[in-house]
Amino acid sequence: MAVVIRMRRMGRKNRPFFRIVAADKRSPRDGRFLENLGTYRPLDEGENYSLEKERIRYWLGVGAQVSIAAAAILRKAGIEGDKKAVRAGKAER
């Protein structure tokens, strides 16, 4: 099973927030996931994310890939993964 760390959209209309989750690559964006790893609130000021860094490092250690959007948040938090682990976007799908 290919695991990807990506963002899952939640919240109401025009007030989004995202959960950062580890999910099977084949599942839909807002569908089933393996584990909740944190949140990201784009409309808040200041530090607008909270992450479970140990669990993210675990998933990266077992070979999980990271979506481009989630990789930007992980870089803000100081979590650097393998450059090959970041998915190339739609070209790879």
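Each value in this text was obtained by applying a stated rule to the coordinates, not by laboratory testing. The model shown is predicted, which means the values in this text are computed figures rather than measured ones. Don't worry about glycine lacking a Cβ; one is built from the backbone with ideal geometry, like all the others, and counts go over all protein chains shown.
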(message) Please compute the contact order of the chain in relative form: average sequence separation of alpha-carbon pairs under 8 Å and at least six residues apart, divided by the residue count, as a percent.
(response) 24 percent
(request) Pull up all non-local amide H partners of Leu34: gap of 5 or more, or a different chain, and H-to-H distance under 5 Å with H placed in the peptide plane. (result) Ala22, Ala23, Asp24
(message) Compute the helix-to-body angle for 68-77: its Cα long axis versus the longest principal axis of the chain, expressed 0 to 90° and rounded to tens.
(response) 70 degrees
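Quick check on packing: order 26-35, 41-50 by the mean number of other C-beta atoms within 10 Å, highest mean leading.
Averaged packing, sorted descending, gives the order 26-35, 41-50.
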